[in-house]
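Written out below as structure tokens is the structure these notes cover.
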Amino acid sequence: MGYSNRQEADKTVVEIDEARLDASQATPFRDYMTDLISQGQRDLVLDLSQVDFMDSSGLGAIVGALKELNGDGSIQLAGPQKSVNDLFDLTCMDKIFTIHSSVNDALSGGIQ
Amino acid sequence: MSSVLQGQSEDIKPQCITLCIDSQLEDTVLVAMAVRGVCGMTSLTAEEINRVELCVVEVVNNAIEHAYQGRPNETVEVDVMLNPTRSLEIVVRDCGTPMSKPLSADAEMSVPDPTNPETWLSSGRGIPIVERLMDEIRYESCEDGNAFHMIRQLG
């Protein structure tokens, strides 16, 4: 359970090994992302495939991390389940993030 | 025959379950799972159940984070009232600080502009999501506490 990361080509893949990215997880997740960004990781791919529920606080944590990059870098999303995709669609945050069907697609540039 | 069936469905008594959790965000999942279980008794699709769960989580979290300002050891009570042929009503009650703004003031979903990071809000989407997904919402506040009503029509 929790978060881990690995380097794939020139990107940092962040694996979220949590079924729920909700208000109770928003702060630890945001702290994890802040640490990565402060270490100089600026092209990030979030592997959301294990997340079956996300609320507005989880979404806010991802948006907060994107803003922390301050335009110097990117956060791409990979493998969201239907309910998570629905949240991005409902909130129009799919306009801000590039969403890929899988990590492999994100690394090779495919879009969902 | 159809009128008999209609009459029978009108006679179905609404069922109600009341859930109580401590005011900590880790416990919201208990309400979420219970509500999913009740939703499974209805005609709601998997996507619709996900959306009801999202709404309940947003309102319960709102009570914990805003009404109780994150204080634990307070109670959030959730009534789930099911009339299987008509509606699902969920009421989230707390005894904390009432919401300061009317629901309508919070209900607008801001649309982010990809070219303007100032519009990428990292909070404030919970109530607009609920407003968008539920058929009816209502907020009441009195001396006994606050109650956030959400109604989803069925069938």
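The values are calculated or read from the model by the stated rules, or taken from the named source; none is laboratory data. Just so it is clear, the model here is predicted, and its values are computed rather than measured. All Cβ positions, glycine included, derive from the backbone under ideal geometry; neighbour counts span all protein chains shown. When the accessible area is computed, the model is the full protein with side chains, heavy atoms only, and any ligands, DNA or RNA have been set aside. Shrake-Rupley method; radii C 1.70, N 1.55, O 1.52, S 1.80 Å.
The table that follows gives values for the structure above.
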{"quantity": "Pairs, first away from chain A (no Cβ under 12 Å) and farther than 13 Å from B:L88 by Cα in the stretch B:13-26, second in a helix (DSSP H, G or I) and small (G, A, S), C-beta under 6 Å, six or more apart", "calculated": "B:L19/B:A34"}
{"quantity": "Where a residue in the stretch B:38-53 is more than 14 Å from chain A (Cβ to nearest Cβ) and its partner, wherever it lies, is open to solvent by 70 Å² or more (accessible area, probe 1.4 Å) and not in a helix (DSSP H, G or I), with Cβ under 6 Å and at least six apart", "calculated": "B:S43/B:G155"}
{"quantity": "Qualifying residue in the stretch A:58-70 (condition: under 29 Å from B:I127 (Cα atoms), more than 11 Å from chain B (Cβ to nearest Cβ) and in contact (Cβ under 8 Å) with a residue 24 or more places away in the chain)", "calculated": "no"}
{"quantity": "Qualifying residue in the stretch A:9-30 (condition: more than 14 Å from chain B (Cβ to nearest Cβ), touching a Lys or Arg at 6+ places or on another chain (Cβ under 6 Å) and open to solvent by less than 60 Å² (accessible area, probe 1.4 Å))", "calculated": "yes"}
{"quantity": "Test: residue in the stretch B:101-111 that is of a type in the set (D, E, K, R), within 14 Å of chain A (Cβ to nearest Cβ) and open to solvent by less than 70 Å² (accessible area, probe 1.4 Å)", "calculated": "yes"}
{"quantity": "In the stretch B:112-127, the residues that are of a type in the set (S, T, N, Q) and surrounded by 15 or more Cβ atoms within 10 Å (Cβ to Cβ)", "calculated": "B:S122"}
{"quantity": "Answer residue from the stretch B:59-74, given it is open to solvent by 10 Å² or more (accessible area, probe 1.4 Å) and under 14 Å from B:I127 (Cα atoms) and is nearest to the other protein chains (Cβ to nearest Cβ) among those", "calculated": "B:E65"}
{"quantity": "Residue in the stretch A:68-77 that is over 17 Å from A:Y3 (Cβ atoms), hydrophobic (A, V, I, L, M, F, W, C) and open to solvent by less than 10 Å² (accessible area, probe 1.4 Å) present", "calculated": "yes"}
{"quantity": "Residues satisfying the stated conditions in the stretch A:35-59, i.e. crowded, with 22+ Cβ neighbours inside 10 Å and over 14 Å from A:Y3 (Cβ atoms)", "calculated": "A:M54, A:D55, A:S56, A:S57, A:L59"}
{"quantity": "The stretch B:128-155 - residue that is basic (K, R) and surrounded by fewer than 18 Cβ atoms within 10 Å (Cβ to Cβ) and, of those, nearest to A:G60 (Cα to Cα)", "calculated": "B:R132"}
{"quantity": "Test: residue in the stretch B:119-135 that is away from chain A (no Cβ under 14 Å) and either out of contact with any strand residue (DSSP E or B) (no Cβ under 6 Å at 6 or more places or on another chain) or under 25 Å from B:C16 (Cβ atoms) (or both)", "calculated": "yes"}
{"quantity": "Those residues of the stretch B:75-98 which are outside any strand (DSSP E or B), within 18 Å of B:A147 (Cα to Cα) and open to solvent by less than 60 Å² (accessible area, probe 1.4 Å), in sequence order", "calculated": "B:G96"}
{"quantity": "Selection within the stretch B:135-155 - part of a strand (DSSP E or B) and of a type in the set (A, V, I, L, M, F, W, C)", "calculated": "B:I137, B:C142, B:A147, B:F148, B:M150, B:I151"}
